[in-house]
Structures are given as C-alpha cells and as structure tokens.
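Here the structure comes first, spelled out in structure tokens, and everything after it is commentary.
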Amino acid sequence: MSEQGSPPPLKRRRSAGRIPSPAVASSSFLATIRSPSFWLSDGNLIVITREVSFRVHTSVLSRNSEVFRDMLAIPQPDNAEQVEGCSVVQLSEDGCDFETLLLALYDGGKIFGDHNVLRFRTVSAMLRLGMKYQIDLDFPMEYVINGRRPSVPPSIELEPEDSISVVRMAIMFDLQDILVAALYACCQLEVDTCFNAVRLGK
C-alpha cells in the first residue's frame with residue numbers, strides 16, 4: 001500500500017486516572033489557597049479544588065464515601081505527585097462547596113444542631129455532593145421540606161433567587177412537597193434575576 005493510502009498512526013490514549021500528572025498537580029496546587037479550616041497537620045491527603053486546597057484524612061473520606069474509597073484504593077505509580085509527603089487528588093468542585101461537605105463529615109453534629117440556621121447554599125452543596133460521592137450524611141430532610149424542626153425557629157436562610165436552585169433540588173431528590181411552592185416562587189422573580197441565575201448555574 002502506498003504511503004499516501006496508509007492509515008494514520010494510532011495516537012496513544014491519555015490516561016483517565018483520577019490523580020493528575022505531577023506537572024498538572026504542581027501548577028494547580030500553587031494556584032490555590034490553603035483552607036484555613038481544613039489544612040490538618042496530621043492529614044495524609046491533599047485535595048485540590050478549583051480555588052482551595054485541603055489537607056485531610058484518607059480514612060475519613062474512605063469511611064464515608066464509596067467513591068473516595070474506590071478512588072483512593074487505586075495503586076499509584078512511584079512518581080505520582082505528592083505535596084508535603086501527601087498523595088494528591090484533584091477535583092473540579094467549588095472550594096466553598098467542598099469545604100461544606102468536609103464540615104458535614106468532620107463536624108456534622110454542629111451543623112445539624114436544633115437551633116442552627118443554614119444558608120440554602122450549604123444545604124444544596126451537602127445534598128448535591130453527598131449524592132455525587134455516595135455519602136450518607138443522614139441529612140434531616142425536614143430542613144428542606146418545611147425549613148424547620150419541631151418546636152424550633154426556621155432553619156434555612158433563603159434568598160428569593162434561591163428558589164431556582166430549590167426547583168432543581170426538588171426534582172433531583174423527588175421532593176414533591178416543595179416543588180410546587182418553589183415553582184411559584186420562581187414566577188415572582190424578575191426576568192433578569194432568573195436569567196442570571198440560570199446562566200451562572202445557581
């Protein structure tokens with residue numbers, strides 16, 4: 001067969017591993033800030049999100065999440081990137097949202113206290129990331145359904161534009177009790193508010 005009719009050489013498929021190459025991990029780590037709340041001196045894992053890095057314990061993540069348990073069980077090559085002697089995992093999550101998840105894992109009792117007032121973004125982040133990473137947070141759904149626990153004041157702080165995210169969450173978790181009310185709240189919003197919230201993925 002002539003050279004012109006030869007098939008193109010096969011390109012080597014790039015690795016789909018969850019831990020990035022040393023060059024990527026190094027540049028990503030340097031571009032982030034260390035979490036003041038979750039840079040634990042005895043942690044053995046560096047988690048790099050979009051803008052924040054965390055130093056946490058593999059045992060805590062593996063114990064609570066099937067996804068992290070499987071991810072961290074993958075053998076790593078000898079030249080895998082390390083930061084301060086710790087393995088590195090890179091995630092595409094928003095740093096504030098991932099810190100909320102860590103708060104739930106490390107200090108869940110404080111977050112779900114009877115008189116705590118939670119911002120809706122906190123509730124949404126815990127539910128969304130809990131589902132994504134298969135974490136059973138034992139989340140008290142009465143927070144979501146009616147915003148309160150028995151005999152205590154309202155427990156969720158909602159902004160009007162949060163109603164768009166409430167609709168998404170109600171559909172995702174099949175919360176029919178709040179879907180209609182959330183849709184009605186969306187109808188009361190200004191058109192620009194709805195457009196900007198959808199554009200920003202809120």
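The values are calculated or read from the model by the stated rules, or taken from the named source; none is laboratory data. Worth saying up front: this structure is predicted, and the values here are computed from it rather than measured. With ideal geometry, Cβ positions are generated from the backbone for all residues, glycine too; neighbour counts draw on all protein chains shown. To get the accessible areas, we keep the full protein, side chains included, count just its heavy atoms, and leave off ligands, DNA and RNA. Shrake-Rupley method; radii C 1.70, N 1.55, O 1.52, S 1.80 Å.
Couple of notes before you dig in:
- Of the peptides 75-82, 33-40, the ranking by mean beta-carbon count within 10 Å, highest at the top, reads 33-40, 75-82.
- Computed with a 1.4 Å probe over protein heavy atoms only, the accessible area of residue 157 comes to about 90 Å².
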